[in-house]
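Note sheet for the following structure.
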Amino acid sequence: MPVMLEISGLRVAVDGKEILRGLDLSIDAGEVHAVMGPNGSGKSTLANVIAGRDGYEVLAGSVRYRGQDLLAQSPEERARGGVFLGFQYPVEIPGLSTAVFLRAAVNARRAHRGEEPLDAMDFLGLVKGRMKELGIREDFLQRAINEGFSGGEKKRAEIFQMALLEPQLVLLDEIDSGLDIDALRVVSDGINRLRAPDRAMLLVTHYRRLLDYVPPDRIHVLSEGQIVRSGGPELAGELEQSGYGWLRAEAASA
Amino acid sequence: MSALTHWQAQYAQRSSGAEPAWLRELREAAWSGFAARGLPGRRDEDWKYTRLSALERFAPKAPLALTDLPTIAPTAGALLVFAGGRLVPQWSRLPAAPGVEVANLAAALAADGDALRPRLRLADAERPFAALNQALFEDGLWLRLAPGARLAEPLHVVHVGGVAQSSAHLRLLIELGEHSEALVVEHHLGAGADAYHVNVLAQATLAPGARLRHVMLLTHGPAAIHIGDFRVRVGRDARFESHALAAGGGLLRQDIDVALDEPGGECSLRGLYTAGTGEHVDFHTRIEHIAPHCRSEETYKGLIGGTGRAVFNGRVHVHPGADKTDSAMTCANLLLSNRAEVDAKPELEIYADDVKCSHGATVGQLDEAQVFYLRARGIAEAAARELLMTAFARDALGGLDARLQDAVAALIDARLPQL
């Protein structure tokens, strides 16, 4: 399987404080990896820096996506090229209709692939089916982006956007936070439907719960900006047993 | 020639006209009041942030000929087109409808002037530009709806500045009978890039149960000086809805005064003001809660770019005895450059105990989290910023009549690149 994402020696600072301190990670096409770790370990920083958010200073290292230098690209170039970030806290944008936004996003992605833009009718045809799969309300497209949505609705909307944009590299930043069990099931089904041999996924999560529904191929434990342990799905069980306390113990004895 | 000498000449010319004696007296009183006080200056609290130096410097030029009408072009309903304060009959149409009396004010005065006498009367100590309007108006709108009457289509009043006269004074009178309904669009635009001056005074009265929707569109030329004053008295269970869009003009000052005189009255004021480099826009709104059980809501938004300057002063005054008043006001501003400036001031004065009132004003920049969210979906940064500005702007004009939405949205879209 070709390598989809290759991170090596990545060091990133936020407000002058080093958050990622030499991180290596490689994900092959077709694989789902999970990054777990305690609060403040750098999980969200990792997802945001791959997506290109401002405010993260890369001190060293590289991030390559399908062989390209991702760090040299603007966030929109990354997105058009197939990188998708599902936000931990999706923003509300009053006054901007979801339909206008999604069509602009879909057409930006299509233009990058050399495809014709979708007109309003074709676009509607594309979205209606996907909305049903995720149990999204009928008036969703006319509403302003995420405005007045509950936490669960926002996360479902993120998964819906992901399905529409058909990304190659999916980064989901705590997509499971704030979800009740029913919403978690819907979101998980949405993620699982998108598992494909030509797609890689990185799930950033604090809890094991999501991984019961979306079994990963690999799990990495992040602590103080470095991956301190990697393993198969069984690692989730171990973490559940012992929590993250052992990380501190290990760090202290090292 | 300065503005004052120009008006002096206009007044001299007016007073030689063949008008009824009572109207000449009204004009005389107004003119001497205006002349005695002159233009408001920086010591006048109402004009604290708005200098009138552009008007003092204003040098009237030869007016342009009226050749084209870049308006939102209604195809149905009454249309009154004015140029430089005078009716352009060939572009106007006044379809007859049951219970609807609509005419240009000059014609209404000629036909039955005495009926208009009490409606034209102003207070003795008037605001300067209202007094000036009283002294100098030539024409305008006369609209009266009989009880229960309804305007099927929006009535459009279009005024083109800088044409026929470079300083124009327009008067609008609107009187809605019980349970009547009207939608009036007032569109001010101008010809050419030269300075011109427009001074509008509008007075509306709403009898019990009446509903007036008013849409004000200001799309002036870059050197235009527009002074507008809209006053409305809202009767028992009547409702006034105002949408205002300020989208172009060197110096724009608009006052909106609403008197909620009788129980159950409601008003909703929404607006979007914009100012780009070299432009100044000033909205002063005053809502008087005089009777109990009245509601008012106000939402204004400002987009200020370049060296633009904006002023918003929103006053809500709850009088003694106006219990159960329900009032909410917000004003949100986006500064698009670090040289843009806004003075946003909500003013709440409450003299009744049992009321629900809220107000808030914000000034900020585009939310970078929103910009990143759009970029992370593949939308280019410039396009993302434009989408967010459009979203902010359009949000201000929610609740607009569906027949006007596309035209107003197009005016906003055309305006944004100028900021």
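The values are calculated or read from the model by the stated rules, or taken from the named source; none is laboratory data. A quick note: this is a predicted structure, and the numbers were derived from the prediction, not measured. Cβ placement follows ideal geometry from the backbone for every residue including glycine, while neighbour counts extend to all protein chains displayed.
Which residues, counting only those in segment A:184-214, are of a type in the set (G, A, S), assigned to a helix (DSSP H, G or I) and over 12 Å from A:A163 (Cβ atoms)? Answer for segment A:184-214, where residues must be of a type in the set (G, A, S), assigned to a helix (DSSP H, G or I) and over 12 Å from A:A163 (Cβ atoms): just A:S188.
Condition check ((1) in contact (Cβ under 8 Å) with a residue 60 or more places away in the chain; (2) in contact with a strand residue (DSSP E or B) (Cβ under 6 Å, 6 or more places away or on another chain); (3) part of a strand (DSSP E or B); (4) aromatic (F, W, Y)) across all residues:
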{"position": "B:I227", "(1), (2), (3), (4)": "yes, yes, yes, no"}
{"position": "B:S242", "(1), (2), (3), (4)": "no, yes, yes, no"}
{"position": "B:G248", "(1), (2), (3), (4)": "yes, yes, no, no"}
{"position": "B:I256", "(1), (2), (3), (4)": "no, yes, yes, no"}
{"position": "B:A259", "(1), (2), (3), (4)": "no, yes, yes, no"}
{"position": "B:E262", "(1), (2), (3), (4)": "no, no, no, no"}
{"position": "B:L269", "(1), (2), (3), (4)": "no, yes, yes, no"}
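Report yes if some residue within segment B:205-223 is in a strand (DSSP E or B) and small (G, A, S); otherwise report no. No, segment B:205-223 contains no residue that is in a strand (DSSP E or B) and small (G, A, S). Taking segment B:1-27 as the range and being touching a residue at least 60 places away in the same chain (Cβ under 8 Å) and part of a helix (DSSP H, G or I) as the test, the residues that pass are B:A3, B:H6, B:W7, B:Q10, B:Y11, B:R14, B:W22, B:L23, B:L26, B:R27. Please enumerate the residues belonging to segment B:104-150 that are more than 20 Å from the chain's Cα centre (by Cα), in a strand (DSSP E or B) and under 13 Å from B:L173 (Cβ atoms). Residue satisfying the conditions is B:L145 alone. All of A:L222, A:L171 fail the test of being in contact with a strand residue (DSSP E or B) (Cβ under 6 Å, 6 or more places away or on another chain) and either of a type in the set (V, I, T) or within 14 Å of chain B (Cβ to nearest Cβ) (or both), apart from A:L171.
Out of B:A382, B:A396, one residue alone is under 20 Å from A:L96 (Cα atoms) and either acidic (D, E) or surrounded by fewer than 20 Cβ atoms within 10 Å (Cβ to Cβ) (or both). It is B:A382. At least 3 residues being within 14 Å of chain A (Cβ to nearest Cβ), within 30 Å of B:P263 (Cα to Cα) and over 26 Å from the mean Cα position of the chain (by Cα) is the threshold, and among the helices (runs of 4 or more DSSP H) wholly inside segment B:306-418 not one reaches it.
For segment A:2-39, name all the residues that are in a loop (DSSP other than H, G, I, E, B) and either aromatic (F, W, Y) or free of Cβ contacts under 8 Å to residues at least 60 places away in the same chain (or both). Hits for segment A:2-39 are A:D15, A:G16.
State the number of residues belonging to segment B:48-78 that are at pLDDT 75 or above and not in a loop (DSSP other than H, G, I, E, B). Number satisfying all stated conditions: 5.
Looking at segment A:194-209 only, could you name the residues that are more than 13 Å from the chain's Cα centre (by Cα) and either buried (at least 21 other Cβ atoms within 10 Å of the Cβ) or more than 27 Å from A:E238 (Cα to Cα) (or both)? A:A196, A:P197, A:D198, listed by residue number.
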